[in-house]
Amino acid sequence: MTKYLFVTGGVLSSVGKGITASMLGRVLQERGYTVMSAKLDPYINVDPGTMSPYQHGEVFVLDDGTETDLDLGHYERLLDINLSSVCNFTTGQVYAEVIAKERRGDYLGGTIQVIPHITDEIKKRILCVADETKADIVMVEVGGTVGDYESLPFLEALREMPSEVGEENCFFIHVTWVPHIMASGELKTKPTQHSVRELRSIGISPDMIVLRSDLPLNEEITQKVARFCSVAPQAVVPMITADVLYDIPFELEKMGIGDYMMSKLGIKSKRKPTWRRWTRLAAESRAEKPTINLALVGKYVELHDAYKSVQEAITHAGLHNKVDVKIDWVQSEDLEGLTKEKVTQRLQNAAAIVVPGGFGERGIEGKINAVQYARESKTPYLGLCLGMQLMTIEFARNVLGLEGAHSTEFEHLTPHPIIDLMPEQRSLNEMGATMRLGLYPCRIQEKTLAASLYKTDYIEERHRHRYEFNNQYRQQFENHGMILSGLSPDQRLVEIAELKDHPYMIASQFHPEFLSRPLNPHPLFMGLISAGIERTKKLQK
Ligand code: GLN
C-alpha cells in the first residue's frame, strides 16, 4: 500500500517547502523506501512554461519535456530520482481536463462543481502518481500558503484523501516560518498558531509541524507550538536555515524524525540508514576550500531562483573540484554599449563565465560582449542554450566577419541568420509547450573537448528552446576553428559547439544544468570549474 506525505505551507511563501519535503523524503529513502514526489500548483496557467522567471523562478524541465516548477529540481537533485509529467499539475490543467470532459458529455445531466468534480480530478491525479511510479512513498506538496483563496480545492482534495486511501497511509506535514523581532530579540510562534488554526478549519490536522527559521529555536518554542497546535512534541521539527544544505538530514536524524514518521505510517525500516555518500558530501561542503570567481551573465540575475539549476550545477562541480565558487551575478544589460576596456574591467576577475538560457531581446548585446571577452581573453566559458546561440553569433560577427549576424528571434531580417527556426517551428501558432522540450539524443565527435569531458560518444540531454543553429553556416564555422562537436544522430541539429585554440570555450543547445546531481556533477560544469581553477592560478601570478 502506498503511503502519502502531504506537505502544506503556512505563514508565507518561499520558506523552502520543497527542500524540506525533499529532506524528509530522503530520510525515508535512506531506510530503503522508494520515494516519489509531486507538486500541485494552484495557479491557473496550465504549466509555468509561459511565465516570466521573475514571477516564479526558473522553469525546470523533465526528461519527458514537461515544463515544471523549480521545486521538482530540488526533488530530482536531493532524492536522485527522475520525475515525469504526472508529478506536477496546476489548477489550469485540472480545470482544462474537467471542462473537456464536460464538453465530451461525460457528465451528461450533471452540474459541474468545484466539489466534487474539481476535487475528484485532483485526487485522481494524486492517485495516478502512485499508480504510475509504483513508489512506496508519494510526497505531495501543495504550492502557495494555507489561507490562499486559490489553493482551497487542493486542500479539500487532501482532506478527503485519508478516507480514500486509509488514514493510516496519510501523514500531513505543515511547514511554517517563525519570524524574529529584532527590537525585542523574540522569535514569534503566533503566525504558526494562526496558520494551523486555518488548516484545521479546512479539516486538516497536521501530524507534524516544521518550523523554518533563520535563528536557532529552543525547546520552549517547540513545546509551545506543540501545546497550542495539538501535535506531539517530537513532531514539532525546528529546521534552521543551514549553511550546508547537506547537513539537514543529519539534524533530522538526531531528532529521530525518520523513526517517528515510520511509526505513524505503520512501516519499519527496510535497512539501517548509513548516509555513507552523504556524509562525505556534507564533509566536503563544510571543508575549507580555495575560492574561484565565476561571472554569470544573465537577464534575470536579481532573482537567483531564476537560475536555480545553473547555480546548483556550479555548486556541485565546485564541490567535486574542491573549490568554493563565488558567483558574480552580472546583469547583461549593464554590459551593453560599453567599450572593450569597460567590459574587461567588469569581467577581469572572473576565472570562468557562464551565459545561461534566456528569451527576448533585452540584454542580448551585453551577453555577446561577455562572449567576446571570454573568447579574446581566453577565459573559460560555458554557454547554455541561448549561451550557445550567442557564442556562435559572436564568432560569426567577429571572427568570420559576417556583419549583422544574429538570431531571427531578435532580428527578423538579419543578413546572416546564424540561429533560426526549423521548419517544424515555423508553422506553430501556440506558445505553450511547443518548444523543443525534454530529452534528445546527441552524438559526440571523436577527439573533441566534448568527447574528453563526457568520455562517451552518445548522450541524452534536456532541451527547452525554439531556435537552432543554421546548417548553412556549418562549413564556414568549422573552417575557422569552431567545431560543431555534438550533433543529433540524424545530423540535422547542432547540439554542442566548441572553440579550438581556447582553454575552455564550449556551449550546448541543451540545458546540462537540469541533469547535474550533488553526487553526480555534470561533465560540462566539471570541465568549466577545473579550467576556472587553472585560470585563477594564472590571474594570481
Ligand atoms: N530563446 C532561445 C530559443 O528559444 C533560447 C532558449 C533558451 O535559452 N532556453 O531558442
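The values are calculated or read from the model by the stated rules, or taken from the named source; none is laboratory data. Remember, predicted model here, so these are calculated numbers, not experimental data. Glycine also receives a Cβ, built like all others from the backbone with ideal geometry; neighbour counts cover every protein chain displayed. Keep in mind that these areas ignore ligands, DNA and RNA; they rest on the heavy atoms of the full protein, side chains included. Shrake-Rupley method; radii C 1.70, N 1.55, O 1.52, S 1.80 Å.
If the requirement is being touching a residue at least 12 places away in the same chain (Cβ under 8 Å), on the phi > 0 side of the Ramachandran plot and touching a helix residue (DSSP H, G or I) at 6+ places or on another chain (Cβ under 6 Å), which of these qualifies: G65, G73, G57? Result of the check over G65, G73, G57: G57. Reported count of residues in region 433-470, each being within 15 Å of the ligand (Cβ to nearest atom) and either assigned to a loop (DSSP other than H, G, I, E, B) or on the phi > 0 side of the Ramachandran plot (or both), is 6. For region 409-421, the candidate set comprises residues that are within 10 Å of the ligand (Cβ to nearest atom) and in a loop (DSSP other than H, G, I, E, B); within that set, the residue that is least open to solvent (accessible area, probe 1.4 Å) is F410.
Here L386, L390 are screened, and the one residue that is within 16 Å of the ligand (Cβ to nearest atom), within 21 Å of the chain's Cα centre (by Cα) and either surrounded by 16 or more Cβ atoms within 10 Å (Cβ to Cβ) or not small (G, A, S) (or both) is L386. The set of residues in region 197-237 that are open to solvent by 70 Å² or more (accessible area, probe 1.4 Å) and among the hydrophobic types (A, V, I, L, M, F, W, C) contains only F228. Of the helices (runs of 4 or more DSSP H) lying entirely inside region 192-308, those containing at least 1 residues that are aliphatic (A, V, I, L, M) and more than 26 Å from the chain's Cα centre (by Cα) are 219-229, 257-265. Which of (1) under 26 Å from the mean Cα position of the chain (by Cα); (2) within 15 Å of the ligand (Cβ to nearest atom) is the odd one out, the single condition R426 does not satisfy? It fails just one condition, (1). Which of the residues spanning region 315-352 are out of contact with any His (no Cβ under 9 Å at 6 or more places or on another chain), assigned to a helix (DSSP H, G or I) and either open to solvent by less than 20 Å² (accessible area, probe 1.4 Å) or within 16 Å of the ligand (Cβ to nearest atom) (or both)? Hits for region 315-352 are G318, L319, S332, L335, V343, L347.
Of the helices (runs of 4 or more DSSP H) that lie entirely inside region 80-178, not one contains 2 or more residues that are in contact with a Gly (Cβ under 6 Å, 6 or more places away or on another chain) and more than 30 Å from K270 (Cα to Cα).
The sole residue among V399, V355 that is touching a residue at least 40 places away in the same chain (Cβ under 8 Å) and crowded, with 24+ Cβ neighbours inside 10 Å is V355.
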